[in-house]
Amino acid sequence: MSAQAVNIFVVVRAVIYAALFIGLVLVYLPARFLAWSGIVRPAVIGAPQVAGMIMVTIGTALALWCVFAFVFIGKGTPAPFDPPRKLVIRGPYRFVRNPMYIGAGMTLAGAALFYQSLSIFIYACLFFLITHLFVVLYEEPTLRRTFGDEYEAYFRRVRRWLPRRSTK
């Protein structure tokens, strides 16, 4: 199989996995929270809605940038059962180790702001808590085993959630 055919196959897999994750975690479950709580789309678009839409846009763009970094740099997908073959430390991964989760969480927080929904905000908080535990208990040990010294150097240089302050 040619390198181009392999890249197309990886792109297709990544798009399918990302669509399933986005569909479930960022669309279906928040929609259920809205339905259960009786919250409907705001009648008026004010500052909270505009800020929420900006957050959703930035969060989605960040998450998608990460998906494509996994495909084109890492030669894999974001799915834990089909991970990148190379350590991805470029793009948004230069600044924080988990920008994809930050993008997804930002999308959820933006939806909570748009709808002014406490239930979606709580869901976003639970998403960050569960994600943090997943990163600490599964992802980081797995990356250490898979990429060894390369990951250790990256781990020491780049923070998990917040970028380092510039020294310039």
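Which helices of the chain meet both criteria: a Cα extent of 20 Å or more along the helical axis and a mean Kyte-Doolittle score no lower than 0.5, with helices taken as whole DSSP H segments?
3-21, 47-72, 99-115, 118-134
Classify segment 113-168 as rounded, prolate or oblate, taking a ≥ b ≥ c as the square roots of the eigenvalues of its Cα gyration tensor: rounded when a/c is under 1.5, otherwise prolate if a/b is larger than b/c and oblate if not.
Cα axes put segment 113-168 in the oblate bin.
Most fluctuating residue of Leu64, Leu20, Leu108 in a GNM of the chain with Cα springs under 10 Å: which is it?
In the Gaussian network model the winner is Leu20.
So if I take the centroid of the Cα atoms in segment 60-111 and the same for segment 123-166, what is the distance between those two points in Å?
12
Could you tell me the extents of segment 63-145's C-alpha atoms along the three principal axes, largest first, rounded to whole Å?
40, 25, 23
Go ahead and estimate [θ] at 222 nm for the chain from helices alone: -39,500 (n - 2.57) per DSSP H run with n ≥ 4, summed, over the residue count, rounded to 500.
-21500 deg cm²/dmol
Sorting Glu139, Glu150 by accessible area (1.4 Å probe), largest first, what list results?
Correct descending sequence by accessible area is Glu150, Glu139.
For the chain, modelled as a GNM with alpha-carbon contacts under 10 angstrom, which of Thr57, Thr77, Thr107 fluctuates the most?
In the Gaussian network model the winner is Thr57.
Taking mean projected area of the Cα convex hull in nm² as the quantity of interest, determine which of (1) 11.8; (2) 17.8; (3) 10.2 was computed from the displayed structure.
Answer by label: (1).
Not counting the cut sites, what is the longest span of the chain without chymotrypsin sites (Phe, Trp or Tyr not before Pro) that DSSP labels loop and that have at most 13 other Cβ atoms within 10 Å?
The reported range is 1-80.
The values are calculated or read from the model by the stated rules, or taken from the named source; none is laboratory data. This is a predicted model, so every value here is computed, not measured. Because the Cβ atoms are built from the backbone with ideal geometry, glycine has one as well, and the counts that use them run over all protein chains shown. With ligands, DNA and RNA removed, areas are computed over all heavy atoms of the protein, side chains included. Shrake-Rupley method; radii C 1.70, N 1.55, O 1.52, S 1.80 Å.
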